[in-house]
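Asks: This is the structure I want to talk about, given as structure tokens.
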Amino acid sequence: MTQSLLKEKLPRHLAIIMDGNGRWAEKRSLDRVEGHRKGAESVRTIVRAAREIGVPYLTLFAFSSENWNRPRPEVDALMILLKNYLTSELQEMLDREIRLLAVGELSRLPKEVQTTLHETMKKTAHCQGMTLTLALSYGGRDDILQAIRRLMVHCQDQSLRPQEITEDFFSKFLWTANLPDPDLLIRTSGEMRISNFLLWQLAYAEIYFTPTLWPDFSKEEFIRALLSYQNRERRFGLTSEQIRAEGG
Ligand code: FPP
């Protein structure tokens, strides 16, 4: 019997490291950019599926702070793909009530990408069906450092005492301030690393690794990942007995 997804056991926030575009292309003797192009199609499929299924927050690692070191033509192609994606998907985002957010050092993105990004965020700001966050020029360590820098300025201005800096307080200075912590992280392509993604935020996330390359990641496999998540017991450092007693 096929198991079905339980609405009440879906991750509230799902984060994805979309890896393997380059290898997908190389296996077919294609340019790596073709892999990214196919990867952008998977983005469409998975965003649509997440919205249909009812995942409230979806965050995609679309470009890391380290990705700037890739060959210039590949970086340029990724920026064009991103801009085209934002333009072509705007109507669909509005139709499906998807709000777009972005986290990362956005000022490093080409000006025209920044403009399109900010316009898309503004136009979708009222949407309440799902929050899609693109991590762009994002690094988890950068995120923590920029939070500490801003926090220090805040502390000087407000003369806060060190013990007032709680986890919740600190989280409000991260780029992800308006997002809940991810419950599930999916990483494609067989690599089993976090790769400087959401380092603070992923503290208690379940992780689903799959050998499938991102361009081949289908709606069916996406559902399998969600089923795997809903069969796990999340203990947050407690014992199974404690979790059962709490009715979890
Ligand atoms: C990793 O594959 C993927 C990226 C560095 C970029 C992700 C970009 C997309 C999925 C397409 C564009 C994004 C949007 C939002 C439209 P890789 O190149 O590191 O693959 P490899 O490890 O096989 O070389």
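Asks: State to the nearest 20 debye the size of the charge dipole of region 1-125 about its Cα centre, where the only charges are +1 on K and R beta carbons and -1 on D and E beta carbons.
Replies: Approximately 160 debye in magnitude.
Asks: While we're here: Can you send over the solvent-accessible area of Thr115, 1.4 Å probe, protein chains only, in Å² to the nearest 10?
Replies: My reading of the accessible area for Thr115 is about 70 Å².
Asks: Checking the cross-link filter: which lysines have an alpha carbon closer than 25 Å to that of Lys7, excluding same-chain neighbours under 8 positions apart?
Replies: Candidates past the 8-residue exclusion: Lys219.
Asks: Which net charge results for the neighbourhood of Ala135, defined as the other residues with beta-carbon distances under 15 angstrom from its beta-carbon, given Lys and Arg at +1 and Asp and Glu at -1?
Replies: -3
Asks: Would you work out the charge dipole size for the chain about its Cα centre, treating the Cβ of every Lys and Arg as +1 and the Cβ of every Asp and Glu as -1, and quote it to the nearest 20 debye?
Replies: Numbers: 34 positive and 33 negative charges, 43 e Å.
For this selection, approximately 200 debye.
Asks: Going toward the positive end of the dipole of region 1-99, with +1 on Lys and Arg Cβ and -1 on Asp and Glu Cβ, which of Ile46, Tyr85, Gln3 do you reach last?
Replies: Projecting each Cα onto the dipole axis, the largest value belongs to Gln3.
Asks: Mind checking which lysines have their Cα closer than 23 Å to the Cα of Lys172? Skip sequence neighbours fewer than 8 apart in that chain.
Replies: Partners within reach: Lys122.
Asks: Note down the magnitude of the dipole of region 173-248 about its Cα centre, charges +1 on Lys and Arg C-beta and -1 on Asp and Glu C-beta and zero elsewhere, to the nearest 20 debye.
Replies: Numbers: 8 positive and 10 negative charges, 11 e Å.
In total the dipole reaches around 60 debye.
Asks: Ordering Leu199, Leu60 by how much accessible area each has at a 1.4 Å probe, largest first, what is the list? If you can, show how the numbers build up before the last one.
Replies: Details: Leu199 70, Leu60 0 Å².
I get Leu199, Leu60, largest accessible area first.
Asks: Classify region 56-101 from the C-alpha gyration tensor, please: rounded if a/c falls under 1.5, else prolate or oblate depending on whether a/b exceeds b/c.
Replies: oblate
The values are calculated or read from the model by the stated rules, or taken from the named source; none is laboratory data. These numbers come from a predicted model, not from an experiment. Methodologically, a virtual Cβ is constructed for each residue, glycine included, from the backbone with ideal geometry; neighbour enumeration extends over all protein chains shown. Just the protein is used for accessible areas: all its heavy atoms, side chains included, with ligands, DNA and RNA removed. Shrake-Rupley method; radii C 1.70, N 1.55, O 1.52, S 1.80 Å.
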